[in-house]
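Values in this text are rule-based calculations from the coordinates and carry no lab data. Note that the structure is predicted; figures quoted are calculated from it, not measured. Quick reminder, even Gly has a Cβ in these numbers, built from the backbone with ideal geometry, and neighbours come from all protein chains shown.
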Amino acid sequence: MWWIGIIHAGLCARPLEDSRGAPFRSKATSDCTVVAGSKSFPAHQAILAAASPVFEQLFKENNGKGTPVIREDKYDATTMERFLLALYTGDANELCAYDVKWLKSFCEANLADSEVDDDSLVQLLCLADEHGSKVLWEACVKHMSSDRAQLRACLDLPAVEQLFKDDPELAHSLMCAAVEELGESDEGQYIDAAAYNRARGWRPAAWLSAEKLKSHTSAEACAAGLHTTSAAASPQFGGYLRTGQAGVPQEWDHDPRFLVTGASGQIGAELIPLLREKYSPSSVIASDVRLNRELMEGGPFVYCDVQDKDNLARIILENGVSHVVHLATLLSAIGERNPQLALRVNTHGIQNILDLAIQHNLHIYAPSTIAVFGKTTPRHNTPDVTIKEPSTMYGVTKVHQELLGSYYNQKFGVDYRSLRYPGVISSRTMPGGGTTDYAVEIFHAALTKGSYDCFLAADTALPFIYMPDCLKATYELMMAPNVGLKQRTYNVTAMTFTPAELGEAIARQVPGFEMRYIPDFRQEIARTWPVSVDDSNARKDWGWAPKYDLDAMTKHMLDSLADRLKETRKEKRKPMLEVPLAAGGSPPQCDGVLKLGAAGFEDGGGGWCCMESRRLPSWLHERRCVERQCKTLLNY
Ligand SMILES: NC(=O)C1=CN([C@@H]2O[C@H](COP(=O)(O)OP(=O)(O)OC[C@H]3O[C@@H](n4cnc5c(N)ncnc54)[C@H](O)[C@@H]3O)[C@@H](O)[C@H]2O)C=CC1
Ligand SMILES: CC(=O)[C@H](N)C(=O)O
């Protein structure tokens, strides 16, 4: 009885219909017996034979030799009772009309309507597969694909994980069908199916169903950001899903979509607004392991550790990324404090990005640095091609990046481009732990304190570039026609100065500004870097020309930083939250309301209290309940 498995589950999902099954219970007229488990059921040959060709055959084989007894060991008594009852009920007319196939349909529909839930999913799926039940299969798919969260939850079910191990083809088909089903909604065409990946050990964390891949080549799909052109064009169609193999390199047939790693850093914080302005906010996806609220408010922002290749792959697919701007790095000074971490982040990051570039036909821009040069490099007018024996881990990893980028370009045709930046000066975001950071800190100190203690010696000359020029160079190289590029990495520079010279330039605009020099370990690093670099190749090949020299940069920097500081002070004074103070907890001049502003508490008496509790006024320390309120607010 090939369909009895479905019947078992299907019948058990339906209440017994005692009244309509009355003849079934009548022993008096029965002329055969069906035995299942420990129970015997009196029955009627005519009814069973009419309902089922299998019964008919069995009765024929018995050939009138006594009362036929049919033993069924596979199914228990309850299942058999329900099965027989269904044959006897009022639906028996239909049974006759459709032969037993009707019963199968009945059971399928019954199961599909009432039974598919997380617990029964895999069992019913197997039944559907075993008996070729389209209805049941579709019900399982529907259950999984009500939305993306449900799909993820189903993939994480232990039974589903087990199915991926026991019958990966079946599990895979189900997955693809569910993804396909989801594709009709706004939720997207692919999912991060961690359970599936774990079970199969396949490389990509995300994939598309075969059918969807085909449709992704359409212009509409590309315009809607649903494309993964290289995957779609993969010669081993769908093979990409299983192997992570490369697609055929293609010209991009749609506007670029950018993923920026390390977006919250000094350069990302300014490059992203520029890209969002030139394209659209939604086509520039910022990513980092730290949040940058401004970037998040201006467009998509996702968490992404560049060491996690699967996550990078998922983000690239989910967003139809065509260009990656890879900025996630540990800079020179911070890298020397934790060289192993710098090694991991800097080398794994670029390796992951370059590998994904092959698979997804990505354009890569990843800046390098003057830190690739070392003691043995000529220090004046350092050319593009010269000795590169850096003394820092940062420099070592950047030499690795330059060589790897060039290798991937030659070997795999990856469009890799890079600029060897000197120290970058900017007003918007503080630098992230480099040797040239002093050239930004000095401006903040000049405007807030009127003096600066420099960690480099007065005569340490280094090359620099101002952020507007840095962004211009970056954008121009990214968009330059490939044919004009004679090398993958170019020197760029705009000016060279010492801390003393920068101090003098600032003092010309901030009268009375003073400097002290207290060199630390960064001095040793700076001594190994070039004094000036030769960027003539960049000028020749793609027309590079900086706008800002030392004086122009200093003036612009002081003006824009002063404006920013004014804005920040205004922001700080805006109260955001008001909390009534406990009676007796306020200072004498306080109106009894504690206001939490962007950077501190206002006590209602006009004075601002600092956020750190050790610097709160004594009346706050005396009142522990108030202090607790403050802590709660600080967590807010
Ligand atoms: N700012 C400068 O003066 C210069 C920068 N460059 C290069 O420019 C690029 C960007 O530099 P900046 O923006 O200045 O650096 P930054 O230190 O300001 O920013 C780096 C960002 O990377 C993020 N990050 C760190 N580990 C990460 C990880 N595992 N996954 C994802 N993100 C991670 C950090 O959170 C940070 O926001 C780097 O490649 C750097 O080598 C080159 C020369 C000079
Ligand atoms: C020049 C750089 O790469 C960076 N600013 C650093 O000082 O580490």
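I'd like the FRET efficiency for residue 521 and residue 448, computed as 1/(1 + (r/R0)^6) with the beta carbon distance as r and R0 of 22 Å, rounded to 0.05.
So, using R0 = 22 Å, E works out to roughly 0.30.
In what order do 529, 137, 542 fall by count of nearby beta-carbon atoms within 10 Å, going from fewest to most? Don't skip to the end; give the middle numbers.
Values: 529 30, 137 21, 542 18.
Ranking 529, 137, 542 by Cβ neighbours within 10 Å, fewest first, gives 542, 137, 529.
Where Lys and Arg each count +1 and Asp and Glu each count -1, what net charge lies around residue 327 among other residues with Cβ under 14 Å from its Cβ?
Net of charged neighbours comes to 0.
Mark the label point 7 Å from the Cα of residue 375 along Cα→Cβ and return the residues of segment 337-351 whose backbone N is within less than 19 Å of it.
Output list for this probe position: 337.
When 435, 386, 29, 474 are ordered from fewest to most other Cβ atoms inside 10 Å of their Cβ, what list results? Numbers along the way, then the final one.
Details: 435 30, 386 15, 29 8, 474 24.
By the 10 Å Cβ count, ascending, the order reads 29, 386, 474, 435.
So, R0 is 45 Å and r is the distance between the beta-carbons of residue 428 and residue 457; what FRET efficiency does that work out to, to 0.05? Each step should come with its number before you reach the end.
Values: r = 28 Å, r/R0 = 0.62.
The value I calculate is 0.95.
Taking amide H positions as placed in the peptide plane 1.01 Å from N, state which residues far from residue 497 in sequence (5 or more) or on other chains have amide H under 5 Å from it.
Here the answer is 462, 464, since their amide H atoms fall under 5 Å of that of residue 497.
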